[in-house]
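Okay, structure first, notes after.
Just so you know, all these numbers are worked out from the coordinates, no wet-lab data involved. As the structure is a prediction and not an experimental result, all values here were calculated from the model. Every residue, glycine among them, receives a Cβ derived from its backbone with ideal geometry; neighbour counts consider all protein chains shown.
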Amino acid sequence: MDRKRNLALVVWEALAGLAQGFATTFIHLFRRPITEEYPEYKRELPERSRARIILTRDPDGDERCVACYLCSAVCPVSCISMQSAQRADGRRFAPWFRINFARCIYCGLCEEACPTLAIQLTPDFETCQYDILTLVAEKEDLLVDHGGKNHDYNFYRYAGVTVLTGKGTHIQEAKPVDLKSNLP
Amino acid sequence: MSIWIIGFVILLVKLGIVLLGLLLLAAYLVYAERKLLARLQIRLGPNRAGPFGLLQPLADAVKLLTKEDVVPNQADRLIFLFAPAVVAATALLIFAVVPFGRDWVIGGRQIPMVVADLNVGLLYVLGLSSIGVYGVALGGWASNSKYALLGGIRGAAQMISYELSLGLALVPVVMLAGSFSMVDIVAAQSRYPFLLVQPLSFIIFFTSAVAETKRIPFDLPEAENELVAGYHTEYSGMRFGLFFLGEYVTMTVLGSLVAVFFLGGWRGPLLPPLVWFSIKVLAVVFVMIWMRGTLPRLRYDQLMHLGWKLLVPLALLNIVITGGVMLWLSA
């Protein structure tokens, strides 16, 4: 008797469970779709989205990139290449800088490796091209007129060449110690 | 002689209309399924090709026809090329015995709204759906791929198991109608559809029919998260299209079989027969799509358990009860 009741209960529960599922999906049939139709509607992407790469400038309008090769070294697909050179004032720069966006996987490691915050990823992801060679971006394609995500940062105020300003003039840097006066 | 020719022409016209209608219905069933499934998941579904995406089936057909027809290395070439045709052809042939309207009378001639009224129509249906298994099993085997082979084996096992309950569920219908002919079965439901007297039979038949079409929750032969695409993994282009077509035609055909056996076929008040028939078929198909949007896939042992330990005994019990009640009523 008990077993029979249990069987009935099991069958009832199974049927109720099924009905519940079917009811849930049926209700969803009349709900408004949540789809965002892409080319017509473009969602505002977060500032830190990782897509097309840019080379930024510091607040003074100078190129931030010092051609240290860190981004090119850390790049897992080796899509960044450059040449380093030195300016008359002792500051390093890249005469040419090339990113092959056909190979870039937008991992953002270059951005993390960059000591001067020069290379940055932007939310602009619509980079599709019919010809793969047009995806190779040269320095003039990459260079922008602003500071990207860090407008006020200037690497040379914190570190770097001292030819112009002299030792101990960087922000948060102690004055150089006079060895002669520091004797016990 | 002239009577023979007229009959032949009428047959050809009927064949053409049925074939065209069935293929068109199958194509738009794909669209309807994608659209409905999308709405069940609060998405939009295809809406790019033409207004409301209505040209999507056309775009799909063009795509499939222009794709390369790849035959895998060391595949059993002949069987590989032949298998999709078996699936599509058997699915289309089943519809030959399905009556879809009242007899037309034109110029004193009676034109039955069925391609062929076989006196063993029901057995013909079961036989053809058994042949359809060959398409799945051979296609999977000939592909020379593990995934396809596993899909083919599962397909064969599943379809043979569920064929049994499919056939047994129809025995009470035959007992009630007293005939294997589909036209007679529809005629026997002139007062009430068999659904009212055979609800258990209906549930068993419908479940088995869904298993026969290899649809969720019985889509183990093509379980895409285990077997890539199951038995049609290696197929491309229009051969894959034929498998796809076969599946959707089978869906329509089994919908119409449910309508014929349990819902009274083309019979219904007020509306013309063809409209009633379409409504019934589409209602069954809608439930199939709804099921796909709701249920998860069964495990293989659960599938076999359900088939052999539940549906077959229930169907046998149903036959015995139906026979008993019929004897009691006639006595």
### Task
Pop a pseudo-label 7 angstrom from the Cα along the beta-carbon direction at both residue A:170 and residue A:36 and give the gap in nm to one decimal.
4.1
### Query
If you put +1 on each Lys and Arg Cβ and -1 on each Asp and Glu Cβ, how big is the dipole of region A:53-158 around its Cα centre, in Debye rounded to 20?
400
## Note on the structure
Given unit charges at Cβ for Lys, Arg (+) and Asp, Glu (-), the dipole magnitude of the protein assembly as shown about its Cα centre in debye, nearest 20, is 940
## Note on the structure
Under the 7 Å Cα-to-Cβ spin-label approximation, residue A:103 and residue B:110 lie apart by a distance in nanometres of 8.0
### Task
Over the Cα atoms of region B:176-275, compute the convex hull volume and normalise it per residue, giving Å³.
127
### Task
Work from the charge dipole of the protein assembly as shown (Cβ charges, +1 for Lys and Arg, -1 for Asp and Glu, about the Cα centre) and give the residue of A:73, A:93, B:306 farthest towards its positive end.
B:306
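Just how many % of Cα pairs in region A:1-148 lie over 22 Å apart, if you round to the nearest whole percent?
Everything past 22 Å amounts to 57 percent.
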### Task
Would you list, by chain and number, the aspartates and glutamates whose Cα falls below 18 Å from the Cα of residue A:167, excluding same-chain residues fewer than 8 positions away?
A:89, A:178
### Between region A:44-64 and region B:120-155, the Cα center-to-center distance that results, in Å
59
## Note on the structure
Taking the alpha-carbon centre of each part, the distance from region B:212-259 to region A:89-137 in Å is 46
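For residue B:11 and residue B:310 in the same chain, what is the full-extension length gain: residue separation times 0.36 nm, less their Cα-Cα distance, in nm?
My answer for the length gained is 103.4 nm.
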### Task
Quantify how strongly other chains surround peptide B:38-45 by giving the mean number of their Cβ atoms within 10 Å of each of its Cβ atoms.
5
### Task
With a point put 7 Å past each Cα toward its Cβ, work out how far residue B:297 is from residue B:44 in nm, to one decimal.
3.0
### Query
With contacts defined as alpha carbon pairs under 8 Å and 6 or more residues apart, what's the relative contact order of region B:1-115 in percent?
17
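Got the relative contact order for chain A handy, in percent, Cα pairs under 8 Å and 6 or more residues apart?
On the way: 237 pairs, mean separation 43.5, N = 184.
Over chain A, the number comes to 24 percent.
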### Task
Give the peptides B:59-66, A:173-180 in descending order of average Cβ contacts within 10 Å, highest first.
B:59-66, A:173-180
#### Entry: Radius, Kirkwood style, for the protein assembly as shown when every pair of distinct Cα atoms is counted (Å)
28.7
### Message
Quick check on packing: order B:303-313, B:199-209 by the mean number of other C-beta atoms within 10 Å, highest mean leading.
### Response
B:199-209, B:303-313
### Summary
Sorted largest first, the Cα spans of region B:67-330 on the principal axes come out in Å as 61, 49, 31
#### Entry: Flagged links, alpha-carbon separation over 23 Å, of B:35/B:63; A:42/B:67; A:42/A:149; B:14/B:63; B:214/B:280
A:42/B:67; B:14/B:63
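For the protein assembly as shown, what does the helix formula give at 222 nm: sum of -39500 (n - 2.57) over DSSP H segments with n ≥ 4, over the residue count, nearest 500 deg cm²/dmol?
Helices in the protein assembly as shown give a 222 nm mean residue ellipticity of -17000 deg cm²/dmol.
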### Task
Could you calculate the FRET efficiency of residue A:140 with residue A:177 from 1/(1 + (r/R0)^6), where r is the beta carbon distance between them and R0 is 35 Å, rounded to 0.05?
0.20
### Summary
Partner shielding of A:10-23, taken as the mean number of other chain Cβ atoms within 10 Å, equals 1
### Summary
Under Stokes-Einstein, region B:213-331 at 25 °C and 0.890 mPa s, with its Kirkwood radius over C-alpha pairs, diffuses with a coefficient in µm²/s of 143
#### Entry: Taking B:326, B:1 and counting other C-beta atoms within 10 Å, the order from fewest to most
B:1, B:326
### Query
For region A:35-55, list residues with backbone N below 20 Å from a point placed 7 Å from the Cα of residue B:55 toward its Cβ?
A:38-40
### Task
Grab the beta carbon distance between residue B:164 and residue A:60, set R0 = 56 Å, and tell me the FRET efficiency rounded to 0.05.
0.10
### Message
Let's see if you can work this out: charge +1 on each Lys and Arg Cβ, -1 on each Asp and Glu Cβ, no other charges. What is the dipole magnitude of chain B about its Cα centre, in debye to the nearest 20?
### Response
680
### Message
Which order do the peptides B:129-135, B:224-230, B:8-14 come out in when sorted by mean C-beta neighbours inside 10 angstrom, highest first?
### Response
B:129-135, B:224-230, B:8-14
